[in-house]
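The values are calculated or read from the model by the stated rules, or taken from the named source; none is laboratory data. All values reported here derive from a predicted model rather than from experimental measurement. No Cβ is skipped: glycine too gets one built from the backbone with ideal geometry, and neighbour counts run over all protein chains shown.
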């Protein structure tokens with residue numbers, strides 16, 4: 001048991017008898033509570049390495065498909081059961097994780113809600129009929145995404161940058177790949193991956209530690225340990241090949257982007273925090289760069305930027321929705337990287353860092369912000385840990401880590417243009 005107190009909240013970290021890691025944030029006086037179970041399995045996972053001896057392929061879209069089907073049990077739809085118990089429930093799948101959660105104000109049903117969440121995650125039920133029905137539902141999702149301009153933007157850029165990684169695959173999959181998903185495949189995937197050592201549980205609410213521990217132990221299954229070592233692999237074994245710089249979609253104006261692929265193997269959460277601060281200093285609304293390029297018409301109010309890290313990938317992204325020249329857009333961004341330096345930016349660095357720290361602390365008042373993992377590439381992190389990193393981050397360290405991020409990059413421009 002590890003206990004710490006941060007900004008008035010007590011955080012407990014412990015491991016259940018079956019090996020499931022738990023983070024519990026005690027929130028006295030809060031009327032609502034939320035619990036989530038996240039699985040280290042996402043749309044970018046390409047193969048399972050069974051005891052490092054056999055690589056078993058995973059069809060694109062399997063993680064998302066499995067997420068949908070986990071709510072369906074022989075007794076009925078568990079979403080209806082959560083509703084009956086007075087809770088909102090949902091799930092999501094991204095490139096790295098699948099997460100299931102409920103949010104409620106009915107404390108008297110805490111025990112039943114916990115039992116239902118464990119039932120949702122640990123007890124699969126699939127039939128041929130339900131799989132066929134789900135293919136149709138997800139097929140409609142795929143159809144809608146094919147013409148969505150931002151889906152097209154990321155799809156085109158990722159195929160150019162990450163042909164060697166599963167990130168180039170759609171989380172939804174394709175109609176062809178989901179047609180290969182069967183009950184037997186989902187049972188196999190669930191048995192291998194949905195195990196306590198590949199999961200984490202977050203809970204936040206006004207409960208005693210004793211009640212939380214005893215309830216979780218009561219309903220957490222003990223007979224599901226997978227004995228073999230199983231690794232998820234995101235490498236496709238293919239080479240990244242250039243597939244063009246633009247496509248035409250459902251947009252009234254150009255959407256232009258610049259993606260910079262970075263070497264994830266060298267990076268940590270400290271690099272992510274540092275890079276987000278530095279990007280805000282030099283590209284944010286208060287930066288001289290943004291003001292100058294806004295006045296020149298090179299960017300407008302739709303300009304966006306960010307930095308993403310996953311288990312096996314990392315990228316910086318810059319997006320502009322306007323009829324701008326993509327080569328010029330790339331040049332003004334890359335030119336600004338040469339202006340990133342310490343001298344004269346200490347005050348702005350402190351302002352941005354403190355604003356980010358303040359926003360993080362304010363987020364503690366939202367149960368949903370602290371009851372899920374803040375970073376998908378490390379399920380052991382919690383939002384409170386990020387405040388410690390922010391508090392100790394100085395300008396010299398931040399700029400050093402930013403330089404490490406951009407020391408080895410591969411870039412690609414990609415645009416989505418209006419349909420002809």
### Summary
For region 280-298 the number of residues that are out of contact with any helix residue (DSSP H, G or I) (no Cβ under 8 Å at 6 or more places or on another chain), assigned to a loop (DSSP other than H, G, I, E, B) and closer than 17 Å to residue 348 by Cα is 1
### Task
Please enumerate the residues belonging to region 140-184 that are part of a helix (DSSP H, G or I), under 30 Å from residue 22 (Cβ atoms) and in contact with a helix residue (DSSP H, G or I) (Cβ under 9 Å, 6 or more places away or on another chain).
167
### Residues (crowded, with 19+ Cβ neighbours inside 10 Å and not in a helix (DSSP H, G or I)) located in region 377-387
377, 379, 382
### Task
Please determine, by comparing only the residues of region 126-150 that are buried (at least 17 other Cβ atoms within 10 Å of the Cβ) and in contact with a strand residue (DSSP E or B) (Cβ under 9 Å, 6 or more places away or on another chain), which one is farthest from residue 189 (Cα to Cα).
149
### Message
Can you confirm whether residue 339 is exposed (fewer than 15 other Cβ atoms within 10 Å of the Cβ) and not in a helix (DSSP H, G or I)?
### Response
yes
### Query
Residues in region 166-183: is at least one touching a residue at least 24 places away in the same chain (Cβ under 8 Å), touching a strand residue (DSSP E or B) at 6+ places or on another chain (Cβ under 7 Å) and either farther than 16 Å from residue 66 by Cβ or in the same structural domain as residue 377 (by TED's automatic domain parsing) (or both)?
no
### Query
Looking at (1) in contact with a helix residue (DSSP H, G or I) (Cβ under 9 Å, 6 or more places away or on another chain); (2) within 30 Å of residue 233 (Cα to Cα), which is the one condition that is false for residue 7?
(2)
#### Entry: Every residue from region 352-376 that is touching a residue at least 24 places away in the same chain (Cβ under 8 Å) and part of a helix (DSSP H, G or I)
352, 353, 356, 357, 360, 361, 364, 367, 368, 370
### Query
Mind checking whether some residue in region 364-379 is over 30 Å from residue 104 (Cα atoms) and either more than 24 Å from the chain's Cα centre (by Cα) or modelled with pLDDT under 90 (or both)?
no
## Note on the structure
Counted residues in region 91-104 being over 16 Å from residue 65 (Cβ atoms) and touching a strand residue (DSSP E or B) at 6+ places or on another chain (Cβ under 8 Å) come to 4
### Task
Taking residue 407 as the residue in question, decide whether it is more than 21 Å from residue 101 (Cα to Cα) and surrounded by fewer than 14 Cβ atoms within 10 Å (Cβ to Cβ).
yes
### Query
Given the conditions (1) closer than 25 Å to residue 159 by Cα; (2) surrounded by fewer than 19 Cβ atoms within 10 Å (Cβ to Cβ); (3) free of Cβ contacts under 8 Å to residues at least 40 places away in the same chain, and given that residue 322 satisfies all but one, which numbered condition is not satisfied?
(3)
### Message
Among the residues that make up region 198-208, is at least one of them assigned to a helix (DSSP H, G or I), at pLDDT below 95 and either under 19 Å from residue 371 (Cα atoms) or not assigned by TED's automatic domain parsing to the domain that holds residue 16 (or both)?
### Response
yes
### Task
Considering (1) outside the structural domain of residue 162 (by TED's automatic domain parsing); (2) over 26 Å from residue 401 (Cα atoms); (3) modelled with pLDDT under 90, say which one residue 299 fails and leave the rest.
(3)
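Of all residues in region 92-137, how many are part of a helix (DSSP H, G or I), out of contact with any helix residue (DSSP H, G or I) (no Cβ under 8 Å at 6 or more places or on another chain) and under 21 Å from residue 373 (Cβ atoms)?
Going through region 92-137 one residue at a time, the tally reaches 2.
One line per residue, one yes/no per condition, for (1) in a helix (DSSP H, G or I); (2) buried (at least 17 other Cβ atoms within 10 Å of the Cβ); (3) over 26 Å from the mean Cα position of the chain (by Cα):
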| site | (1), (2), (3) |
| --- | --- |
| 44 | no, yes, no |
| 55 | no, no, no |
| 63 | yes, yes, no |
| 66 | yes, yes, no |
| 82 | yes, yes, no |
| 88 | no, no, no |
